[in-house]
Amino acid sequence: MPLVLISFLDGEIVHAEISDLSFDRPLVEAELRGADPNNERALFPLTAIRQLVIGQPEPAPEDLPEWDHAAFHFIDGQVLRASVAPDSALGRFGGLWRAVEPGVPEMRTLGIPYSSLKGVYKLRQWDSRPVGARSGANARADQVARILAERDGGGRAAASPAPPQRPLISRVQQ
C-alpha cells in the first residue's frame with residue numbers, strides 16, 4: 001500500500017496508506033499513520049478531499065518536453081500548472097496524474113477527485129505574460145468589449161420594452 005498525504009478541502013492534512021487508488025468508488029478507505037493512537041482506519045468521501053499526494057517525489061524524467069502541459073483549476077480558486085505524463089489514469093470519481101510543476105525538478109503522483117476540480121485544461125504552452133502583452137490580445141479584448149456592450153443593451157436599437165412578467169412563485173400550480 002502506498003503512503004499518501006491526503007489534503008482536505010478545509011485545509012486538514014492526514015497521512016495514510018490506501019490500497020485502492022482507482023477512483024472507482026465515491027470514497028477511499030485508509031489506514032491512518034499519525035500521532036493519534038486512537039485512529040486506525042477511516043473512510044473518507046472523495047467530496048471532502050482536495051488532492052492526494054502519493055508516495056515520495058522522484059526526479060523529473062528526461063522525456064518531460066514530450067508531456068502535455070495542463071492547468072488544474074480547483075474549486076477553491078487555486079490553479080496548479082504542471083506537465084503531466086501521458087499515462088494518466090482516469091477513474092469514475094477522479095484521476096491519477098504524474099506531474100512536474102514548471103521550475104521544479106521533482107515529479108509527484110497526484111490523485112485528484114473530480115469533485116474538487118472546476119476543470120483540467122490542456123495548455124498549448126506556458127505563458128505567464130499578462131493578457132494585454134500576449135499576441136492577439138487586442139482582438140480578444142475588442143470582442144469581449146463588444147459582447148459586454150451588446151449584453152448591456154448598447155447593441156439594441158429602438159428595441160421595444162419587454163412585457164411585464166409575473167413573479168415566478170405565482171406560476172406554481174396549487
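Is the stretch 60-113 best put as rounded, prolate or oblate by its Cα gyration tensor, with a ≥ b ≥ c the root eigenvalues, rounded for a/c under 1.5, and otherwise prolate when a/b is larger than b/c, oblate when not? Judged from the Cα gyration tensor, the stretch 60-113 comes out oblate (a/c at least 1.5, b/c at or above a/b).
Provide T109, T47 in ascending order of the number of other Cβ atoms located within 10 Å of each residue's Cβ, fewest first.
Ranked by crowding around the Cβ, least crowded first: T47, T109.
Counted residue by residue at 0.36 nm each, then reduced by the alpha carbon distance between them, the extension gain from L148 to L90 reaches 17.1 nm. Please label the shape of the stretch 3-123 as rounded, prolate or oblate, based on the square roots a ≥ b ≥ c of the eigenvalues of the alpha-carbon gyration tensor (a/c under 1.5 means rounded; beyond that, a/b larger than b/c means prolate, else oblate). Prolate shape, in that a/c is at least 1.5 and a/b is the bigger ratio.
Only the coordinates and a few stated rules stand behind these numbers; no lab work does. Because the structure is predicted, anything quoted here is derived from the model rather than measured. Please note: Cβ atoms are built from the backbone with ideal geometry, for glycine as well, and neighbour counts cover all protein chains shown.
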